[in-house]
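Heads up: the structure comes next, in structure tokens.
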Amino acid sequence: MPSGKDIRRRIKGVKGTGKITRAMEMISAVKMRRAVERALAMRPYAQSALSVLHRVTEAVRTESHLLLTDRPVKKELYIVITSNRGLCGSFNTQVLKKLREARQTDKDREAVFITLGKKGEQAVRRMKGEILASFPHVFDYPRVTDMRPVTRILLEEFQSGRVDRVVMVYTDYVSALVQKTKLRVLLPVIEQDAKKMLDEIGLSTDAVVTGDFLIEPFPAQVLETIIPRLIEAELYHAVLESNASQEAARMVAMRSATDAAKEMVSDLTLTYNQLRQQKITQEIAELSAGMAAVQGESKSI
């Protein structure tokens, strides 16, 4: 059984840990609020980007374009968006679980990866996956210009025919307690996928496309310009949503750790008091026994 000194040392250590987790919870709460504000501010632009994408693909559905062509998938490119740091509950675990499920479903297909976040890069390396590029610092100060190198790489891979599909795995922020891991196909741009995404964000597809569209100078030229910009917007939106989700998950995890530290301190304090009580009771018993022995000897004399 540990001594009172050992228990006091543990209580002190747990209290110190609780102070650290409490401070990390407060920091994550501030970061989460900022990240959520940026994510919410970006949502109308992301919705508009999806709407424009749906309008263009609907208007040029009779045109043949490489970025709109759904072809047999032999090789896929996965964009994996995770955090750089841990201590955020199951945030990274859920993203990697979604990735493994997708790979298990498409295990006969080859795969290459672009990682945004150190945890995703480490996991893909453990999976022995081929990483085309890694961008671990996009979460420091996310900007839409940071998405241009990613967009350039995935467009080069798709247009050259080295990959037949580009898939993004990220986390969508719902609330501080709820985050949903999603898998979204970026390329090829398919009308059904655009409709599904619009339905997910509550934008009716019936009200999106009305009448005929005249695209100048040429539909193919417009698509060459607009699709990369829309993909940048979607990637930026996914990074903002993932950033808000990871800070929310970290705040909840640190709150749970703080509560656990408080419970542990309470249990250790109770154990320490019981140990002290046992020692006091033992000392009283020994003192009483000694007094009884002395009294017995005095009577015999």
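The values are calculated or read from the model by the stated rules, or taken from the named source; none is laboratory data. Keep in mind that this is a model prediction, so the values were computed, not measured. Cβ: placed from backbone, ideal geometry, glycine included. Neighbour counts: every protein chain shown. The protein model used for the area step is the full one, side chains on, heavy atoms only, and it has no ligands, DNA or RNA in it. Shrake-Rupley method; radii C 1.70, N 1.55, O 1.52, S 1.80 Å.
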**Request:** Quick one: which residues, 5 or more positions from Leu187 or on another chain, have an amide H under 5 Å from its amide H? H modelled 1.01 Å from N in the peptide plane, none for Pro or chain starts.
**Result:** Val166
**Charge dipole (the stretch 227-301, unit charges on Cβ, about Cα centre) - positive-most of Ala248, Leu287, Leu268** = Leu287
**Request:** With the full set of protein chains in place, find how many percent of the accessible area of the stretch 69-124 is carbon and sulfur; take the probe as 1.4 Å.
**Result:** 45
